[in-house]
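J.: The structure is given below, and queries will be raised subsequently.
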Amino acid sequence: MAKHRKSVAEGETLHDLVERVGLEIRRMGAQSVMMSHVIAARFGLHTTDLECLDLINMGKQTTAGELAKATGLTSGAMTALLDRLEKAGYINRIHDSADRRRIHISVREDAIEPIKAVYEPIGSQMAELWSNFTIDELKVIARFLESSTDLGIACTEEIRSATTPGSPTRRRPRASRLEGQ
């Protein structure tokens with residue numbers, strides 16, 4: 001796919017810019033998903049496992065319940081995910097001293113170094129790109145990303161809570177999906 005660049009056109013309207021930003025956010029999201037998939041495969045991980053590992057790493061420590069809530073995974077699915085990450089040596093599980101049912105999750109820094117090494121050149125290239133913006137522009141970009149992410153989280157929660165068995169937003173069993181094609 002060719003590089004997708006469109007400079008701000010003279011006379012571009014607010015509506016045009018809003019549509020353009022929406023399109024670019026979708027492209028960035030899709031690219032992020034594709035990159036996660038490629039990197040996860042390189043390390044023999046599920047994409048969701050890699051993303052959860054990143055969430056744990058960003059917070060330095062979390063609980064299984066907090067991670068399940070953030071991802072929308074069931075407690076059973078979260079347990080399976082954490083079992084895989086623990087078996088692969090990426091995380092530590094620590095029982096809370098006050099409540100043995102509560103489990104704290106932290107990354108094993110030594111284990112995620114190879115993953116960080118893959119992301120490092122990407123981070124360097126991004127930092128170089130971002131250094132082309134002024135401090136004021138970066139503040140606007142940061143505010144935009146924070147607000148958009150918060151809204152995305154809220155919308156995801158709304159969709160998740162509105163989903164009921166048999167609703168159009170719920171995936172059909174694999175056999176049913178294949179029959180419909």
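J.: Going by what's in this entry, would G44 be described as loosely packed, with under 11 Cβ neighbours inside 10 Å and outside any loop (DSSP other than H, G, I, E, B)?
T.: Working: loosely packed, with under 11 Cβ neighbours inside 10 Å: yes; outside any loop (DSSP other than H, G, I, E, B): no.
Considered against the rule, which asks whether it is loosely packed, with under 11 Cβ neighbours inside 10 Å and outside any loop (DSSP other than H, G, I, E, B), G44 comes out as no.
J.: Please list, ordered by first then second residue, the pairs with beta carbon atoms under 6 Å, 6 or more apart or interchain, first in the range 114-141 and surrounded by 10 or more Cβ atoms within 10 Å (Cβ to Cβ), second among the aliphatic types (A, V, I, L, M).
T.: Every condition considered, the pairs that remain are V118/I39.
J.: Do we find that G72 is more than 23 Å from E120 (Cβ to Cβ), touching a residue at least 40 places away in the same chain (Cβ under 8 Å) and of a type outside the set (A, V, I, L, M, F, W, C) in this structure?
T.: Numbers: more than 23 Å from E120 (Cβ to Cβ): yes; touching a residue at least 40 places away in the same chain (Cβ under 8 Å): yes; of a type outside the set (A, V, I, L, M, F, W, C): yes.
Considered against the rule, which asks whether it is more than 23 Å from E120 (Cβ to Cβ), touching a residue at least 40 places away in the same chain (Cβ under 8 Å) and of a type outside the set (A, V, I, L, M, F, W, C), G72 comes out as yes.
J.: Follow-up question, since we're still on this one. What is the one condition in (1) more than 20 Å from R160 (Cα to Cα); (2) among the aliphatic types (A, V, I, L, M); (3) more than 14 Å from the chain's Cα centre (by Cα) that A40 does not satisfy?
T.: Only one criterion in (1) more than 20 Å from R160 (Cα to Cα); (2) among the aliphatic types (A, V, I, L, M); (3) more than 14 Å from the chain's Cα centre (by Cα) is unmet by A40, namely (3).
J.: Report whether or not V21 is touching a residue at least 12 places away in the same chain (Cβ under 8 Å), of a type in the set (V, I, T) and exposed (fewer than 14 other Cβ atoms within 10 Å of the Cβ).
T.: no
Quick note: the coordinates plus some simple rules give every number you see, no bench work behind them. Quantities reported herein were computed from a predicted structural model and do not represent experimental measurements. Heads up, the Cβs are rebuilt from the backbone with ideal geometry, glycines too, and the neighbour counts pull from every protein chain shown.
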